[in-house]
1. Looking only at region 64-112, how many residues end up being within 22 Å of residue 272 (Cβ to Cβ) and either among the acidic types (Asp, Glu) or outside any loop (DSSP other than H, G, I, E, B) (or both)?
2. Please give the number of the condition residue 157 fails out of (1) in a helix (DSSP H, G or I); (2) touching a helix residue (DSSP H, G or I) at 6+ places or on another chain (Cβ under 8 Å).
3. If we keep just the residues of region 283-297 that are surrounded by 18 or more Cβ atoms within 10 Å (Cβ to Cβ) and in contact with a Gly (Cβ under 7 Å, 6 or more places away or on another chain), which is nearest to residue 85 (Cα to Cα)?
4. With respect to residue 166, determine if the residue is modelled with pLDDT under 90 and out of contact with any His (no Cβ under 7 Å at 6 or more places or on another chain).
5. Testing residue 46 on (1) modelled with pLDDT under 90; (2) within 18 Å of residue 279 (Cα to Cα); (3) not assigned by TED's automatic domain parsing to the domain that holds residue 279, one condition comes back false. Which one is that?
6. Checking residue 281 against (1) in contact with an Asp or Glu (Cβ under 6 Å, 6 or more places away or on another chain); (2) in a loop (DSSP other than H, G, I, E, B), which test does it fail?
7. Identify, from the list 213, 240, the residue that is under 32 Å from the mean Cα position of the chain (by Cα) and either under 21 Å from residue 130 (Cβ atoms) or hydroxyl-bearing (Ser, Thr, Tyr) (or both).
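The values are calculated or read from the model by the stated rules, or taken from the named source; none is laboratory data. None of the values given here were measured: they were computed from a predicted structure. Cβ atoms come from the backbone with ideal geometry, glycine included; neighbour counts cover every protein chain shown.
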Amino acid sequence: MVNALVPETAERAARRPPSAGRAVDGVGRTRRRQVVVAYLFLAPTLLFFAVFLILPLGFALLLSMSRWAGFDLGDIHPVGLDNFTGLFADGSTFLAPILTNTLLFALGTVALALTGSVLVATCIDKLRFQGLWRTLYFLPIVTTVVAVGNVWKYMYEPGGLVNGVLNALGIGSVAFLQDPDTALPAVVVVQAWASVGSAILILTAGLKSVPESYYEAAALDGAGPVTVFFRITLPLLRPSLLFVCITQFLTGLQSFALIIVMTKGGPGDATDVAALEMYRQAFSYGDWGTASAAAFVLFVVVLVVTLLQLWIFRRKGEDT
């Protein structure tokens, strides 16, 4: 049987027009030429990422296992994993309260910003002049962190606006930024307020993608607003909620500018977070190795939290 097929295959090859082989070779050369041209167009972007992402990442990894004061490259001394073990050694404040404050700050920001943005976006979706309302809520995003932090810092003062409202309600003044018990929640409120605008933009776009037929069917079935919100709106907003949740959490974990403006990590270490500690270790204490090790620990935390959020949202989607 095999021997009978060989002459047939050779005969078919002999019958093939000579132009067919040349056409296949021409297509291959065209394909290779297109790939080369594509990489030439990508070369500036790839070079940018190599210079400003890959090389700094590799250098940070080197520093995380070295001792360096930040001046002469010849003074880099390898120390293995000593920087990492030092972060979690007895007496170190990195795990508690610094990393704990970082997680609490991020969780509080996500909870407040997500809840507020969902409620506001739902209300805006039912109002006229929606573009105007979205613009008003987005204004804090385009305002510098220094301006936002200083304005809220004065509002939290004993004679500021917040305490003035509390006094008008018959409540005594609160030392928001001077009390270790209220300093971190006070900064969390500001961070959530400043970031709620971007979440509203994303969620309003998600609400526009929900088909009106679902709401019409719910109205015919006699479903109330609360049932419609929890049974239709929230489940269909899951992709937008996932994006907002992840981006807000990442922003909260990496935030440090607002804290350094409002509290500088105080009182004591009540608002000290990982990014602020990295800044201090590198630029105040000259310990770039410890700062780099803390940066990689924070990277692992961000990666684990992001994967956990993706898994939770995906599992809820499968359950529904």
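1. So in region 64-112, the residues within 22 Å of residue 272 (Cβ to Cβ) come out as 64, 70, 83-112.
Filter once more, so that each one left must be either among the acidic types (Asp, Glu) or outside any loop (DSSP other than H, G, I, E, B) (or both): 64, 83-87, 90, 94-112.
Count: 26.
2. (1)
3. 290
4. Working: modelled with pLDDT under 90: no; out of contact with any His (no Cβ under 7 Å at 6 or more places or on another chain): yes.
Taking the combined requirement at face value, the residue does not satisfy it.
5. (2)
6. It is condition (2) that residue 281 fails.
7. Numbers: 213 fails: under 32 Å from the mean Cα position of the chain (by Cα).
After applying the criteria, what remains is 240.
Each row is one residue, and each column tells you yes or no for (1) touching a Gly at 6+ places or on another chain (Cβ under 8 Å); (2) in a loop (DSSP other than H, G, I, E, B); (3) outside the structural domain of residue 146 (by TED's automatic domain parsing); (4) closer than 13 Å to residue 109 by Cβ.
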position: 167; (1), (2), (3), (4): no, no, no, no
position: 185; (1), (2), (3), (4): yes, no, no, yes
position: 191; (1), (2), (3), (4): yes, no, no, yes
position: 196; (1), (2), (3), (4): yes, no, no, yes
position: 201; (1), (2), (3), (4): no, no, no, no
position: 207; (1), (2), (3), (4): no, no, no, no
position: 233; (1), (2), (3), (4): no, no, no, no
position: 249; (1), (2), (3), (4): no, no, no, yes
position: 261; (1), (2), (3), (4): yes, no, no, no
